[in-house]
Amino acid sequence: YQGKTGWSSSDYLTDVIGAYKILNVPYHSQLAPVYAPVGCEPTALLMGLQYKGIATNVSYRQFLDAMPKHSSNPEKGFAGSPYILDNNIRTTIYPQALTDYGNTYAAGRVVNFSGSSVDDIKKEILAGNPVLVYLTVKRQAPVYAHSPIEGPAQSLIKNNHAVAATRVE
């Protein structure tokens, strides 16, 4: 676990193969009534927080407006605006910056476990935790474009998307 090897008795372990669970996560659309066509990351985060009973008194627009923003660097905040399609910058927010924002509401309960396996994601959902997953639009092959990050252009995925994973089958 987390890079450490240990041992446990099988008396305390359960097999998650074949497990099934659906989390009844509240839904927020990116497109109506608030139009935020590139705000998928904060949208998925808010749905997960509200499922856990956090930020339940915060509206979708309030959550988007309070999110940290940056002119071009998604490591520092949402690059651009979640309300505006802008092909001149990479409109996104990276996982650690989004995790940090989530923890302004959740006091350390939002965890960035980027690079985790599908099995790790399944275990979290089975434990009752929605997982924000970065992927590509319609699970298509990644499309790269050069976007400026505080000046210099970097090759970044252009067709990224984020969803709240809420079901294990």
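The values are calculated or read from the model by the stated rules, or taken from the named source; none is laboratory data. What you see is a predicted model, and the numbers here were worked out from it, not measured in a lab. Cβ atoms come from the backbone with ideal geometry, glycine included; neighbour counts cover every protein chain shown. SASA here: full protein model, heavy atoms, side chains in, ligands and nucleic acids out. Shrake-Rupley method; radii C 1.70, N 1.55, O 1.52, S 1.80 Å.
Taking the condition surrounded by fewer than 18 Cβ atoms within 10 Å (Cβ to Cβ), in contact with a Phe, Trp or Tyr (Cβ under 9 Å, 6 or more places away or on another chain) and over 28 Å from VAL58 (Cα atoms), does SER155 pass? Yes: the conditions hold for SER155. Every listed requirement among (1) within 16 Å of the chain's Cα centre (by Cα); (2) within 22 Å of THR166 (Cβ to Cβ); (3) open to solvent by 20 Å² or more (accessible area, probe 1.4 Å) is met by THR104 save one, (2).
Scanning segment 122-136 for residues that are open to solvent by less than 60 Å² (accessible area, probe 1.4 Å) and either assigned to a strand (DSSP E or B) or not polar (S, T, N, Q) (or both) turns up ILE125, LEU126, GLY128, PRO130, VAL131, LEU132, VAL133, LEU135, THR136. Restricting segment 85-105 to residues that are free of Cβ contacts under 8 Å to residues at least 40 places away in the same chain and among the hydroxyl-bearing types (Ser, Thr, Tyr), the residue that is nearest to ILE149 (Cα to Cα) is TYR94. Is it true that some residue in segment 69-79 is closer than 19 Å to LEU49 by Cα, open to solvent by 70 Å² or more (accessible area, probe 1.4 Å), of a type outside the set (Ser, Thr, Tyr) and modelled with pLDDT of 95 or more? Within segment 69-79, not a single residue is closer than 19 Å to LEU49 by Cα, open to solvent by 70 Å² or more (accessible area, probe 1.4 Å), of a type outside the set (Ser, Thr, Tyr) and modelled with pLDDT of 95 or more.
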